[in-house]
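Have a look at the structure below before the remarks.
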Amino acid sequence: MNYRVEIKDQIRYIIVPRLQELGLKHCFTTADMDVGITTNKSVEAVKANIQRVFDFLNVKPKVLYSGRQAHTNNIAVIEDLNQGMEYEFGRCFPDTDGLITNKEDIATITRFADCTPIILFDKEKRVVANIHSGWKGTLQRIGANGVKLMKERFNSDPRDIVAVIGPTIGKCDFEVDDDVADKFKEEFGYMEGVIKRKNEVKSLIDLQTINKNILLENGLLIENIEVIDLSTVANDFLHSYRRDRDRYGLMGSIAVL
């Protein structure tokens, strides 16, 4: 198994041993906590949950960076502690769905329920990208943009990048109408098996495989891509908007060099 569930103070976290062995402090939170201010509604509760994550990772970053996620392919490159704007939990960038840095004194977080979290880690240059790839971001190939920026800004070699595609709405659960299916067919129709007809009006989309293929097309090696085979909809210990609707919470993908 390419992931492990660890427990601290009765809270479950998902970690990837391969990233851990390479020295990247990281985790995906679970339904045991809610790190979304739009869902939790309590700033203090979210701050407390983020501190629990830092305690679990045994880190004390100077600042936490995030983006105000808007289902774009926009990615911010963080090179100092004064970029972005101040907000309740650190600093953030508007209309941003990915964060890249080579700085060791900051943490990055993206938030997700059914969307696809992606971590890209250049094990040689020590650069990390933390990406939120919703279905709209997947259509815009945000993962490819992450690789492109790592190459342009940090001279990363895609062959040195280890990728983790985290828990997301599964290929048996992401059921869409024809308007969405047609968009995926137009963009990814050449990919085998990622769009399947369920019935006369619904199709099923495999977001994890699409994102994996996008990374392969951009130079990553297949042996360096880890896909966590967990559907947010099918596993109660994960948050899911599609399953829980008004009661849903948000999980976090957190990375610290």
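No value in this document is a laboratory result; all are computed from the given coordinates. Keep in mind that this is a model prediction, so the values were computed, not measured. Because the Cβ atoms are built from the backbone with ideal geometry, glycine has one as well, and the counts that use them run over all protein chains shown.
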If exposed chymotrypsin sites (Phe, Trp or Tyr not before Pro) are those in a DSSP loop with at most 15 other Cβ within 10 Å, what is the longest stretch of the chain that has none? 1-189
Which order, highest average first, do 44-52, 228-236 follow once you tally other Cβ atoms within 10 Å for each residue and take the mean per peptide? 228-236, 44-52
Three-way shape label, the stretch 87-163, alpha-carbon gyration tensor, a/c 1.5: oblate
Taking r as the C-beta separation of E44 and E86 and R0 as 22 Å, the FRET efficiency to the nearest 0.05 is 0.80
What's the FRET efficiency of D179 with D229 using the Cβ-Cβ distance as r and R₀ = 25 Å, to the nearest 0.05? 0.35
In debye to the nearest 20, the charge dipole size for the chain, taken about the Cα centre with +1 at each Lys and Arg Cβ and -1 at each Asp and Glu Cβ, equals 280
Gain upon complete extension [K136, K148; 0.36 nm per residue less C-alpha separation]: 2.5 nm
Provide the gained length on full extension for the span R242 to E192, in nm with one decimal, where the gain is 0.36 nm per separating residue minus the Cα-Cα distance. 15.4 nm
Going by the alpha-carbon gyration tensor, a ≥ b ≥ c the square roots of its eigenvalues, is the stretch 1-59 rounded (a/c under 1.5) or, if a/c is not under 1.5, prolate (a/b greater than b/c) versus oblate? prolate
If the only charges are +1 at each Lys and Arg Cβ and -1 at each Asp and Glu Cβ, what is the size of the charge dipole of the stretch 91-184 around the Cα centre, to the nearest 20 debye? 540
Can you give me the span-like helices of the chain, meaning DSSP H runs with 20 Å or more of Cα extent along the axis and Kyte-Doolittle mean at or above -1.0? 43-57
Specify whether the C-alpha gyration tensor of the stretch 142-257 places it in the rounded, prolate or oblate class, a ≥ b ≥ c being the square roots of the eigenvalues: rounded for a/c under 1.5, otherwise prolate if a/b is larger than b/c and oblate if not. oblate
If you average the C-alpha positions of the stretch 168-224 and of the stretch 73-109 separately, how far apart do those two centres end up, in angstrom? 29
Among I11, I210, I100, the residue with the largest mean-square fluctuation in a Gaussian network model of the chain built from Cα contacts under 10 Å is I11
Using 0.36 nm per residue of separation minus the Cα-Cα distance, give me the extension gain between M1 and E124 in nm, one decimal. 41.8 nm
Given N residues in the stretch 25-129, what is its alpha carbon radius of gyration divided by 2.2 N^0.38 Å? 1.02
Calculate, axis by axis, the spread of Cα positions in the stretch 80-223 along the three principal axes, and write the results as whole Å, longest axis first. 52, 36, 22
Among G67, G23, G98, which one moves the most in a GNM of the chain with springs linking Cα atoms closer than 10 Å? G23
I'd like the FRET efficiency for N58 and E200, computed as 1/(1 + (r/R0)^6) with the beta carbon distance as r and R0 of 41 Å, rounded to 0.05. 0.20
The chain: relative contact order in percent, alpha carbon pairs under 8 Å with at least 6 residues between: 24
